[in-house]
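The values are calculated or read from the model by the stated rules, or taken from the named source; none is laboratory data. Since this is a predicted model, take the numbers as computed values, not measurements. No Cβ is skipped: glycine too gets one built from the backbone with ideal geometry, and neighbour counts run over all protein chains shown.
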Amino acid sequence: MNVPLDAIDRQIILATQGGLPLVPQPYRAVATPLGLTAAEVMQRLARMQESGVVRRVGVVPNHYALGYQANGMTVWDVDDAVVDTLGEQIGHLSFVSHCYRRPRRLPAWPYNLFAMVHGRNLDETADYVAKIADLLGPACRGHDILYSSGILKKTGLRLGA
Amino acid sequence: MPLDDIDRLIINTMQGGFPLSDRPFQVVAERIGISEKRLITRLRHLLRDRVLTRFGPLFNADRMGGANILAAMSVPKADWEDVATFVNSQPEIAHNYRREHAINMWFVGAGESLEQVEATFARIEAATGLEVLRFPKEREYFVELKLAV
């Protein structure tokens, strides 16, 4: 899954991992101190986006600040034969922000599909969970929802220089 | 912070992406129907007030040669503080959440390599006597980020 990055790519990542500058020409502002042109920075970001190193360029909302108070990690025990097809469909639901297949850890943990679901309150989130359950149908043998009751530590992604 | 219609339009428009162009704020501002300067000012306020947690490229650590692994433990109530302190003291632990479940401590180990993260998990197991359940990503499903605000 690793994509080769050269020294210039890494410099661009380091320069932008804290965010893009809020100036009319942000790519030029990133490029100039690195001795690059804005066009080079844009080309490299476009290439990193194609290879998946950059998921997207944009804003990340704070769910809590936007009134989404009931954010649950929903976990599902889905038939391995169909989990990938169904996982793709669940990822496309508007209230799902992350969706992954992960290994089961039996007997403690029978779930292989994880989807983060965001609702404004517990009722709304429960409706969303019901929608996912409908979509999974008989392929799903069980599910659970884990709410976070405390952030013990949170540091952003930081790439070492 | 109360959001007005322009804030909502900005957030909804910019969740999906930001152009790679010489004057990208100008492009977005025209789409929304405000000036470039106003868009930049609004974004500054939304970031300052933590309505937005980030603006810029979102990197996928898995594709950059690093390792990012979700893990979890069942921590007895009596040991909770000591275990949390030890786990949080490990520099490779990026996130740590308490969740309401028998498996109640969920954290992400992030490092330059799988070996580095594995060593951290092994240290946690040795120090706490608890099993660290590893949940590495086997597959990531595409998500469209389109939280309606």
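Out of the residues in the stretch B:48-93 that are assigned to a strand (DSSP E or B) and out of contact with any helix residue (DSSP H, G or I) (no Cβ under 9 Å at 6 or more places or on another chain), state the one that is nearest to B:Gly16 (Cα to Cα).
Looking at residues that are assigned to a strand (DSSP E or B) and out of contact with any helix residue (DSSP H, G or I) (no Cβ under 9 Å at 6 or more places or on another chain), I get B:Leu58.
Test of understanding: among A:Leu135, A:Leu113, A:Leu106, which residue is crowded, with 18+ Cβ neighbours inside 10 Å and either among the hydrophobic types (A, V, I, L, M, F, W, C) or away from chain B (no Cβ under 11 Å) (or both)?
Criteria check complete, one pass: A:Leu113.
Which residues, counting only those in the stretch A:44-72, are crowded, with 19+ Cβ neighbours inside 10 Å and either in a loop (DSSP other than H, G, I, E, B) or aromatic (Phe, Trp, Tyr) (or both)?
Listed by number, the residues that qualify are A:Val53, A:His63, A:Leu66, A:Tyr68.
Consider B:Arg44 against the criteria (1) within 7 Å of chain A (Cβ to nearest Cβ); (2) at pLDDT below 95; (3) part of a helix (DSSP H, G or I): it satisfies all of them except one. Which criterion is unmet?
The number of the failed condition is (2).
Being assigned to a strand (DSSP E or B), among the charged types (D, E, K, R) and in contact (Cβ under 8 Å) with a residue 40 or more places away in the chain, is that true of even one residue in the stretch A:73-83?
Taking every residue of the stretch A:73-83 in turn, at least one turns out to be assigned to a strand (DSSP E or B), among the charged types (D, E, K, R) and in contact (Cβ under 8 Å) with a residue 40 or more places away in the chain.
Taking the stated definitions as given, is A:Gly142 modelled with pLDDT under 95, more than 23 Å from B:Gly111 (Cβ to Cβ), over 19 Å from the mean Cα position of the chain (by Cα) and outside any helix (DSSP H, G or I)?
When the stated conditions are applied, A:Gly142 does not pass them.
Name the single residue that is surrounded by the fewest Cβ atoms within 10 Å (Cβ to Cβ) among those in the stretch A:1-43 being within 9 Å of chain B (Cβ to nearest Cβ) and hydroxyl-bearing (Ser, Thr, Tyr).
A:Thr16
Would you mind finding the one in B:Ala61, B:Ala72 that is closer than 30 Å to B:Val87 by Cα, modelled with pLDDT of 95 or more and not polar (S, T, N, Q)?
Exactly one residue qualifies, and that residue is B:Ala72.
In the stretch A:47-87, which residues are more than 10 Å from chain B (Cβ to nearest Cβ) and either within 23 Å of B:Met14 (Cβ to Cβ) or basic (Lys, Arg) (or both)?
Those that are more than 10 Å from chain B (Cβ to nearest Cβ) and either within 23 Å of B:Met14 (Cβ to Cβ) or basic (Lys, Arg) (or both): A:Arg47, A:Glu50, A:Gln69, A:Asn71.
Among the residues that make up the stretch B:27-37, is at least one of them buried (at least 19 other Cβ atoms within 10 Å of the Cβ), facing chain A (nearest Cβ under 8 Å) and modelled with pLDDT of 95 or more?
So far as the stretch B:27-37 goes, no, none of its residues is buried (at least 19 other Cβ atoms within 10 Å of the Cβ), facing chain A (nearest Cβ under 8 Å) and modelled with pLDDT of 95 or more.
Report every pair of residues separated by at least 6 positions or lying on different chains whose Cβ atoms are under 8 Å apart, first residue within the stretch B:95-121 and over 21 Å from A:Trp109 (Cα atoms) and in contact (Cβ under 8 Å) with a residue 12 or more places away in the chain, second buried (at least 18 other Cβ atoms within 10 Å of the Cβ) and hydroxyl-bearing (Ser, Thr, Tyr).
Cβ pairs passing all conditions: B:Gly111/B:Thr120.
Can you name the number of the only condition in (1) at pLDDT 95 or above; (2) under 30 Å from B:Gln90 (Cα atoms) that A:Ile151 fails?
(1)
Out of (1) surrounded by 14 or more Cβ atoms within 10 Å (Cβ to Cβ); (2) more than 9 Å from chain B (Cβ to nearest Cβ); (3) part of a helix (DSSP H, G or I); (4) not charged (D, E, K, R), the odd one out for A:Ile90 is which?
(2)
Tell me, which residue of the stretch B:11-20 that is part of a loop (DSSP other than H, G, I, E, B) and touching a strand residue (DSSP E or B) at 6+ places or on another chain (Cβ under 6 Å) is surrounded by the most Cβ atoms within 10 Å (Cβ to Cβ)?
Applying the filter and picking the extreme gives B:Phe18.
If only one of B:Arg8, B:Arg23 is surrounded by fewer than 19 Cβ atoms within 10 Å (Cβ to Cβ), on the phi < 0 side of the Ramachandran plot and within 7 Å of another protein chain (Cβ to nearest Cβ), which one is it?
B:Arg23
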